[in-house]
Structures are given as C-alpha cells and as structure tokens.
Amino acid sequence: MKKWQLKRLSTDEALNEPQDLPQTWKNITGLTSLAIRGETARLNNLSWAGHNDLGWFEINEPDPVFDQKKFVDNQVTRLLSESAPMVAIDNTNMTKQKRVEWLDYRRQLQEVYLQSEYPDVVFWPNKPE
C-alpha cells in the first residue's frame, strides 16, 4: 500500500505520518497537475515551487495485518444484534421452547471468548430455525 510522506531533504526528517497525497493541493500551484499526470519525481524536491528543503516521498507500508480477534468480536456483536428481536419480551409469536433455544444460542455466542483456542479457532453455535 503506497502512501506519501513530506520530508525535510537536508535531514530526511519525516514531517508527517504516511498518508494519501493531500487533496488540498488545488491551492498550491503545479502540485495537483503533477500528481494527476503521474510526474511524482518532481514531488521529491519542491524547491521549484518555492518550498526549499521539502519533498514528498512514496512510502511502501505493509498491508494491514488481518486481525482475527477483531473479526471474531465483530461477528459475535453482529450475530447478537441480529438475534435480539427473537428474544424480545414482547415476541408472542414464539413458543416457550423456541425462545429457550434462542436464549441458549445467544449465551453460546457470548461465551465464544471462553473457548480454549479463541480467537484462532472458534466453534460457532448453530442458529435456531
């Protein structure tokens, strides 16, 4: 994933965090057209634009690492949210047995975190029909 970073040329000091090229360049003469035309080499030294000792440089950042724990946590939250109407107190269209099945399903979802191999291996409960 390519990002850009503004650096001081004399010291190689980073002046910002890696980011996409600024969208505000419409106010800076010439920079927008360079970026649009793909003439990125001229962005490495901005002295031609009156910004001595500054330049934009492409930074290759690794792609974000897949976060298994966050994924599982989001799945649990989503499934709990989707099943909430099924156990609502005013849900009179359900038998007592079916309500118990849904409550058990939700309890099992809440206990996913207690599984010995969480978050790497998760055994998901069966959703009642």
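For this structure, a couple of remarks:
- Every residue from the stretch 84-129 that is loosely packed, with under 12 Cβ neighbours inside 10 Å and hydroxyl-bearing (Ser, Thr, Tyr): 92, 95, 116
- Unique match (being under 30 Å from the mean Cα position of the chain (by Cα) and free of Cβ contacts under 8 Å to residues at least 40 places away in the same chain) among 103, 80: 80
- When residues of the stretch 46-63 are limited to those that are in a helix (DSSP H, G or I) and either in contact (Cβ under 8 Å) with a residue 40 or more places away in the chain or not polar (S, T, N, Q) (or both), the one nearest to residue 18 (Cα to Cα): 46
- Residue in the stretch 87-97 that is modelled with pLDDT under 90, assigned to a helix (DSSP H, G or I) and either at positive phi or out of contact with any helix residue (DSSP H, G or I) (no Cβ under 8 Å at 6 or more places or on another chain) (or both) present: yes
The values are calculated or read from the model by the stated rules, or taken from the named source; none is laboratory data. Since the model is a prediction, treat every value here as computed from it, not as a measurement. We place every Cβ from the backbone using ideal geometry, glycine too, and count neighbours over all the protein chains shown.
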